[in-house]
Amino acid sequence: MTTDVGIRIGDMEFSNRLALAPMAGISDPPFRRLCSQLGATMTPSEMITADTRLWKSKKSQRRLSAWRNKTPQIIQIAGFDPDMLASAALKAQNQGASIIDINMGCPAKKVCRRLAGSALLRDPNLVRRILQQVISRLTIPVTLKIRTGWCPESRNGVEIARIAEDCGVAALTVHGRTRACKFSGHAEYETIRQIKKSVSIPIIANGDIDSPEKAKSVLDYTSADAIMVGRGARGNPWIFSKINSYLSDTLQPELPFISVRDIILAHLDSLYSFYGEFTGVRVGRKHLTWYFQHQDSARDFRQRIVRVETAQEQLKLTQFFLDRSPYKEIIEYSSPQGKRVDRIKEQKKTTRQTKDRYEGNSTCRNAKQAAWGTYG
Ligand SMILES: Cc1cc2nc3c(=O)[nH]c(=O)nc-3n(C[C@H](O)[C@H](O)[C@H](O)COP(=O)(O)O)c2cc1C
């Protein structure tokens with residue numbers, strides 16, 4: 001695969017600048033493996049609690065699993081207590097993690113029953129203590145994922161980034177929204193740009209990147225070292241190979257139908273092997289709905305596939321539909337933007353929008369409404 005340039009995190013070299021976002025309930029080991037095969041070199045795990053007493057659960061075991069993935073294992077941990085986080089990180093390191101990512105980007109009440117995730121951004125001293133403790137106990141690199149701040153009135157991303165650099169964090173991912181914004185409005189990239197200017201550790205820009213053109217314009221605008229794609233990869237894992245081609249200025253190879261068909265069917269197969277048939281089929285329904293979400297011709301298929309109970313039936317129905325489906329639709333409509341647009345037209349449009357959106361004019365709700373949002 002042709003790539004443009006890579007990124008170095010601690011002593012680890014990644015061959016390109018693309019990361020799949022950690023997404024609880026989505027970026028499970030099979031999906032991470034698929035995205036890494038299609039060009040995402042960094043594929044952090046879904047967040048796992050710092051309370052290691054819960055690690056025996058099936059869910060945590062799955063999240064900790066590397067499952068046939070050859071890329072460095074990045075384990076993301078969420079918590080609030082420096083000692084607990086450091087012990088959990090050490091345990092993950094001893095179990096084979098190559099990098100520990102600390103989650104300060106999510107409202108993790110569900111995980112810790114305490115302020116954690118992005119709530120920590122309100123308490124820079126606690127952020128420092130957490131990072132110092134975790135880093136002092138580990139030999140592997142520690143990275144951090146944050147939002148731009150608690151709320152639009154308190155965007156302290158630059159302050160947190162400086163603390164992170166000072167403590168020895170090896171790379172920082174920034175989602176261009178505050179906690180108050182949850183997932184509303186548009187991601188803003190001005191704070192990410194300011195953060196990049198303020199520190200010299202690698203910065204990974206995240207938020208609303210759903211096309212090669214957007215990836216490039218975010219990289220250009222923020223000067224970030226890498227980008228992270230989350231929701232834009234749902235039902236669209238080939239977005240990574242498209243972005244890679246676009247960034248390396250190589251002609252985007254058309255994914256042949258046979259590849260698309262094989263990718264989807266192999267994804268289903270991997271879900272059955274990883275989860276077993278019962279759960280695999282249920283997880284498969286979700287991904288199939290995303291693969292075919294934008295196709296009018298898939299309406300019937302989508303309705304039928306969510307009722308299917310066995311792996312054999314699910315595979316058969318999917319294969320049957322794929323064999324009769326205009327395959328270009330799958331590729332072109334799998335992106336949330338719908339039809340593929342002309343590169344130059346899109347680039348101009350995104351650059352024009354850059355000024356408004358990237359300069360923090362995104363609309364979002366206030367801090368009160370930040371309350372306890374959940375992902376999804
Ligand atoms: C369903 C879902 C689950 C998520 N789970 C996590 C998580 O476990 N850890 C984390 O740091 N961020 C999590 N996120 C946030 C994403 O990593 C990412 O920062 C966010 O979706 C913005 O990127 P995007 O616009 O490319 O989706 C989650 C997001 C979604 C939609």
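The values are calculated or read from the model by the stated rules, or taken from the named source; none is laboratory data. Predicted model only: the values in this text are computed from it and were never measured. In this analysis, Cβ positions are derived from the backbone assuming ideal geometry, glycine residues included, and neighbour counts consider all displayed protein chains.
Some observations on this one:
- Test: residue 31 is aromatic (Phe, Trp, Tyr) and either at positive phi or modelled with pLDDT of 95 or more (or both): yes
- Enumerated strands (runs of 3 or more DSSP E) restricted to the stretch 1-111, each holding at least 2 residues that are touching a Lys or Arg at 6+ places or on another chain (Cβ under 7 Å) and away from the ligand (no atom under 16 Å from the Cβ): none
- Residue match in the stretch 152-162 (condition: over 17 Å from the mean Cα position of the chain (by Cα), surrounded by 20 or more Cβ atoms within 10 Å (Cβ to Cβ), within 16 Å of the ligand (Cβ to nearest atom) and closer than 26 Å to residue 291 by Cα): no
- Selection within the stretch 15-54 - of a type in the set (A, V, I, L, M, F, W, C), over 14 Å from the mean Cα position of the chain (by Cα) and buried (at least 21 other Cβ atoms within 10 Å of the Cβ): 38, 48, 50
- Residue match in the stretch 79-86 (condition: touching a strand residue (DSSP E or B) at 6+ places or on another chain (Cβ under 8 Å), over 26 Å from residue 267 (Cα atoms) and surrounded by 24 or more Cβ atoms within 10 Å (Cβ to Cβ)): yes
- First in the stretch 16-33 and under 16 Å from residue 101 (Cβ atoms), second anywhere and assigned to a strand (DSSP E or B) and of a type outside the set (A, V, I, L, M), Cβ under 6 Å, 6 or more apart: 22/76
- Single unsatisfied condition, residue 221 versus (1) over 23 Å from residue 46 (Cβ atoms); (2) within 13 Å of the ligand (Cβ to nearest atom): (2)
- Odd one out for residue 208, checked against (1) among the acidic types (Asp, Glu); (2) at positive phi; (3) touching a strand residue (DSSP E or B) at 6+ places or on another chain (Cβ under 8 Å): (3)
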